[in-house]
Each structure stands twice: as C-alpha cells, then as structure tokens.
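Inspection log for the structure reproduced underneath, given as structure tokens.
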Amino acid sequence: MSSSVDSGGADLRIICGPTAAGKSAIAMSLALRHGLAIVSADSRQIYRGFDIGTAKPPAPDRARVPHVGIDVADPSERWSAARFANDAAAWIAEAGAERTLVVGGTGLYLRALTSPLHSAPPLDPGARKRLADELSRLPTDDLRRWVRTLDSPRAHLGRAQLLRAAEVALLTGRRLSEFHLESPPAAPARARWLVVDPGPRLHAQIAARLDAMFAAGWPDEVRALDRTVATDAPAWQACGYGAVREMLRGTLKPPAAREAILIATRQYAKRQRTWFRHQVGPEQVTRVDPHDPSCEETVERWWRGGASE
C-alpha cells in the first residue's frame, strides 16, 4: 500500500545533499541542540555489517542522538523505496515530526517518503530472484524492447524501473501501469529541505573521507564480510565495496582500487546534485555550505522555520 507520513501538522525537515558533503555533522549539531531524533535515508546504511564503507555515524554519535534506519536489514535483503517510506513514516510518527530530522542522500527514498509511491503487487521472493538473475544479463536497450511489449507506458523509464515493470508483468501476468491506475498514491507530505553542499571543495572531501575509510580498516571489514555474505547480496552494491573485494583478491592493485572508488564516488555525487537540483522544489529549499561562517545561523533559522533561499 502507499505510505503517507502523518506529520501532525508539522513540516518534515530533511537534510540532504551529495555524499561526503557534511550532512551528518550538521544534523548531529542540530539534534544535540534541540533534542532531536535522526531518521537515516541512506539505502546502504540499512545493511548490518557494512559500516565503514557506507560512512555510518560512529557509535558515540548514535549513543548521544537516537538514530533509526541504520542496521535494519541483513545484507541479502532487498529494501525497496516503498518499504523504506513505510518504515520511516512509522519512525517519524513515534518520535513526532516536530522532533525528527530526516538525513540522507538517497533521492528515491526521499521521494518515496515525501511523494508516496503507487502500491505494487506482492511477488514471490524466490521467483523474483530467479527472474532478476536472468534479466540482469540483458543490456538496457534489449530490456527496453521487452518492456515495450510487456508494459509499453513504462518503456521510456530508467533501467531500475524497466526491471520492475518486466518482473511484475512476467510474474503476475498484469502490467505495473495497470496496478498504478487502480491504486493512486497518497497525498504528498509537506517538507522543508536543507541541501548541504560545499561546492568545489566536495571532490577533496570525498578523497579525504576515502583515505580515512581505508585508515579505519575498511579492507579488514570487507575481508570479514566476504567470508559470510553471499557474493550476490544487494549490500555489496554499496559504492566501493566491489573494488575493495577485487583488491583483496589480488585482481586490483591498491592504487587502482582507490582511484576506481574515487571516480565512482564523484560520479555518484554528481548524480545526487542533479537529483536535488531538479527534483526538489525551490520554494521549500535552503542551501548551505558547511564551510560558510554563517552556516550554523542559517541551519538554525531553517530549523525554526525562517525564510528559505
């Protein structure tokens, strides 16, 4: 079913922005000043054991400020945006929207929370996995040709949506677009957004964080996970984990692994910037550079409901 956040009349307050921008530090400072809880909207921090490479908040921070949405899934579980939205709505209702910060950079999660998705039919997990294994081998152009036949209204979408359309049609015998017509989504939730972005400094911050992850023992974490987590588990899709695995297996030299992760992370940050620029309406957005001397004042004004940019 579609999820809708019951905010009790209060706007959701969402801190977002590209990876390594400084969202967590701003959120922690704000939460400590006002006694807030943090709901993580990060599609990789949900997985238990995948800690260093997903930049989870350290244990002392999580002890000082309540965090939810972290370590809620086994690495082999698939966690959809709709499932996140349902869970997050419950977490927010429990804490109260006026006492909650939503923090993260997974755009699809944030969209599902603020603009609820259509409901979708339940699918048999085993059949879905077997079909996913087959469909994953198809190039996107071939997959799109399939969807033109299976569910033509969705054939123009991106690969993830094409895969979803194909699996629903093949496993239920009905088009996903038909399900959407039958079950329109709930009304959007009111939200105010704080977009954190340090501008040109972001590339250097990504590199510094990557080096800190390696220094903190990321290869050791991956080595331990590789002994117990299936090689095709969804959690391995988190940025950088594949390259570290290759490095540990000797198929990628450490400098090459670092460079591959650095490039992939910067590309991801670029996609996030594009999403936040085009998907979040400017009327409810405040933008802040964490290095600006007026950053704390801007954040405080945003929290208290001051005029947005």
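Quick notes on this structure:
- Gly96, sole failed condition from (1) in contact with a Leu (Cβ under 7 Å, 6 or more places away or on another chain); (2) surrounded by fewer than 24 Cβ atoms within 10 Å (Cβ to Cβ); (3) within 17 Å of Gly69 (Cβ to Cβ): (1)
- From Leu252, Leu210, residue being without any contact (Cβ under 8 Å) to a residue 12 or more places away in the chain and surrounded by 15 or more Cβ atoms within 10 Å (Cβ to Cβ): Leu252
- Cβ-Cβ contacts under 8 Å between residues 6 or more apart (or on different chains), taken from a first residue in the range 113-132 that is hydroxyl-bearing (Ser, Thr, Tyr) to a second residue that is in a helix (DSSP H, G or I) and modelled with pLDDT of 80 or more, are listed as Ser119/Ala82.
- Close contacts from the range 56-67, counting a first residue that is in a helix (DSSP H, G or I) and a second that is crowded, with 16+ Cβ neighbours inside 10 Å, with Cβ to Cβ under 6 Å and a gap of 6+ residues or different chains, come to Asp61/Met28.
- Pro293 out of contact with any Asp or Glu (no Cβ under 7 Å at 6 or more places or on another chain), at pLDDT 95 or above and of a type outside the set (Gly, Ala, Ser): yes
- The residue list Arg175, Arg227, Arg223 contains one member that is over 25 Å from Ser136 (Cβ atoms) and either without any contact (Cβ under 8 Å) to a residue 60 or more places away in the chain or basic (Lys, Arg) (or both), which is Arg223.
- Residue count for the range 262-278 satisfying the condition of being open to solvent by less than 50 Å² (accessible area, probe 1.4 Å) and within 24 Å of Ala212 (Cα to Cα): 5.
- Check on Ala89, touching a residue at least 40 places away in the same chain (Cβ under 8 Å) and either in contact with a Phe, Trp or Tyr (Cβ under 6 Å, 6 or more places away or on another chain) or buried (at least 17 other Cβ atoms within 10 Å of the Cβ) (or both): yes
- Of all residues in the range 167-177 being open to solvent by 40 Å² or more (accessible area, probe 1.4 Å) and in a helix (DSSP H, G or I), the one that is nearest to Arg78 (Cα to Cα): Leu171
Yes/no matrix, rows are residues, columns are (1) surrounded by 12 or more Cβ atoms within 10 Å (Cβ to Cβ); (2) under 29 Å from Arg190 (Cβ atoms); (3) under 19 Å from the mean Cα position of the chain (by Cα):
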| site | (1), (2), (3) |
| --- | --- |
| Asp232 | yes, no, no |
| Cys239 | yes, no, yes |
| Ala260 | yes, no, no |
| Val280 | yes, yes, yes |
| Val288 | yes, yes, no |
| Ser294 | no, yes, no |
| Trp302 | yes, yes, no |
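- Complete set of residues in the range 140-151 that are assigned to a helix (DSSP H, G or I) and open to solvent by less than 80 Å² (accessible area, probe 1.4 Å): Thr140, Asp142, Leu143, Arg144, Val147, Leu150
- The one condition from (1) part of a helix (DSSP H, G or I); (2) modelled with pLDDT of 95 or more; (3) open to solvent by less than 40 Å² (accessible area, probe 1.4 Å) that Thr19 does not meet is (1).
- Among the residues of the range 226-255, those that are in contact with a helix residue (DSSP H, G or I) (Cβ under 8 Å, 6 or more places away or on another chain) and in a helix (DSSP H, G or I) comprise Asp226, Ala235, Trp236, Tyr241, Gly242, Ala243, Val244, Arg245, Glu246, Met247, Leu248, Pro254.
- Residues being open to solvent by 10 Å² or more (accessible area, probe 1.4 Å), under 19 Å from Val222 (Cβ atoms) and aliphatic (A, V, I, L, M) - total across the range 39-67: 2
- Gly217 passes every criterion in (1) open to solvent by 40 Å² or more (accessible area, probe 1.4 Å); (2) over 18 Å from Ile46 (Cα atoms) apart from (1).
Each row is one residue, and each column tells you yes or no for (1) of a type in the set (Val, Ile, Thr); (2) in a helix (DSSP H, G or I).
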position	(1), (2)
Ala85	no, yes
Val102	yes, no
Tyr109	no, yes
Pro122	no, no
Lys129	no, yes
Leu138	no, no
Pro153	no, yes
Leu162	no, yes
Ala165	no, yes
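The values are calculated or read from the model by the stated rules, or taken from the named source; none is laboratory data. For clarity, every value in this text was computed on a predicted model and none was experimentally measured. Note that each Cβ is placed from the backbone with ideal geometry, even for glycine, and that neighbours are counted across all protein chains shown. Remember, those area values only see protein heavy atoms, side chains included, never the ligands or the DNA or RNA. Shrake-Rupley method; radii C 1.70, N 1.55, O 1.52, S 1.80 Å.
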